Amino acid sequence: MKFTLEITKPESGSSLGFKTIYFNAFKINIIERYSGKTTSKFYHIVIKLRTIEDEIINTTDGAGRIKLKESDYQAYGQLAKALTSYEYRNKLIDRKKIDDDFINFILSRMVGHYQL
C-alpha cells in the first residue's frame, strides 16, 4: 500500500508535534503533546482517521479519536525518534524500513477501534 508521511516539527517553545500519513482514500493525523518544553516526554498522543476531504471517521464507539496508551509511549518514541534522526534525514539508513515500522505500529493500534 502506498503512503506519504509528513512530519511537522514542533516550533520552538511549542508543546505540540504533528505527523500525517496520507493513503489513497484516507489520512491519519497524529498529534503529540509533550510535557514541558522538550520533546522527550509525551503527555498524550492522539490519532484521528480522516477522509481526504478532512471529514473525521468515528471509531466503533463513536469517538472521533484514539488516545495511545501510556504503555505504548516508549515504543512510539523510539519509532518517532528514528524518523527525525540524522541518519534518516541524510538517507544513511533504509528510510523505507523505518517508515514501514512506524506505519505498521500506528495501524496495529488502530485496527481494533474501527470497523473494517
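Based on Cα contacts under 8 Å between residues 6+ apart, the chain shows a relative contact order of 16 percent. The fraction of accessible area contributed by carbon and sulfur in the chain is 49 percent, rounded to a whole number (1.4 Å probe; ligands and nucleic acids excluded).
Could you point to the label whose value was computed as Cα Rg over 2.2 N^0.38 Å for the structure here, given (i) 1.02; (ii) 1.06; (iii) 1.20? The calculated read-out lines up with (ii). Basic side chains Lys and Arg get +1 at the Cβ, acidic Asp and Glu get -1 at the Cβ, and with that the dipole of the stretch 1-91 about its Cα centre reaches some 280 debye.
Here the chain is scanned for chymotrypsin sites (Phe, Trp or Tyr not before Pro) in DSSP loops (not H, G, I, E, B) that have at most 15 other Cβ atoms within 10 Å, and the longest stretch holding none of them is 24-113. Each residue of the stretch 86-103 is assigned a 3J(HN,Hα), and the resulting list reads 4, 5, 5, 4, 9, 6, 8, 10, 6, 5, 4, 5, 4, 4, 4, 4, 5, 4 Hz, derived from the Karplus form 6.51 cos²θ - 1.76 cosθ + 1.60 (θ = phi - 60°), x at Gly and Pro.
Cross-link check: pairs 48/96; 27/67; 2/91; 48/69; 19/48; 27/96 evaluated at a Cα-Cα cut-off of 21 Å; pairs beyond the cut-off: 48/96. The trypsin sites (Lys or Arg not before Pro) of the stretch 48-116 that meet both conditions, a loop assignment by DSSP and at most 14 other Cβ atoms within 10 Å of the site Cβ, are 65, 69, 91. Can you give me the C-alpha center-to-center distance between the stretch 17-67 and the stretch 93-116, rounded to a whole angstrom? Here the answer is 13 Å between Cα centres.
Provide, for q = 0.22 Å⁻¹, the log10 of I(q)/I(0) from a solvent-free Debye sum over equal Cα point scatterers in the stretch 1-64. At q = 0.22 Å⁻¹ the computed log10 ratios are -0.92.
Evaluated with a Cβ-only charge set (Lys, Arg +1; Asp, Glu -1), the stretch 1-40 carries a dipole of roughly 60 debye about its Cα centre, given to the nearest 20. If you take the charge dipole of the stretch 42-116 about its Cα centre, with +1 on Lys and Arg Cβ and -1 on Asp and Glu Cβ, which of 104, 83, 56 is farthest toward its positive end? Among 104, 83, 56, the one farthest towards the positive end of the dipole of the stretch 42-116 is 83.
Split the chain at each of the GluC sites (Glu not before Pro) in a DSSP loop with at most 16 other beta carbon atoms within 10 Å, and the longest piece is 56-116.
The values are calculated or read from the model by the stated rules, or taken from the named source; none is laboratory data. For clarity, every value in this text was computed on a predicted model and none was experimentally measured. Don't worry about glycine lacking a Cβ; one is built from the backbone with ideal geometry, like all the others, and counts go over all protein chains shown. Heads up: the accessible areas ignore ligands, DNA and RNA and are worked out on the full protein's heavy atoms, side chains in. Shrake-Rupley method; radii C 1.70, N 1.55, O 1.52, S 1.80 Å.
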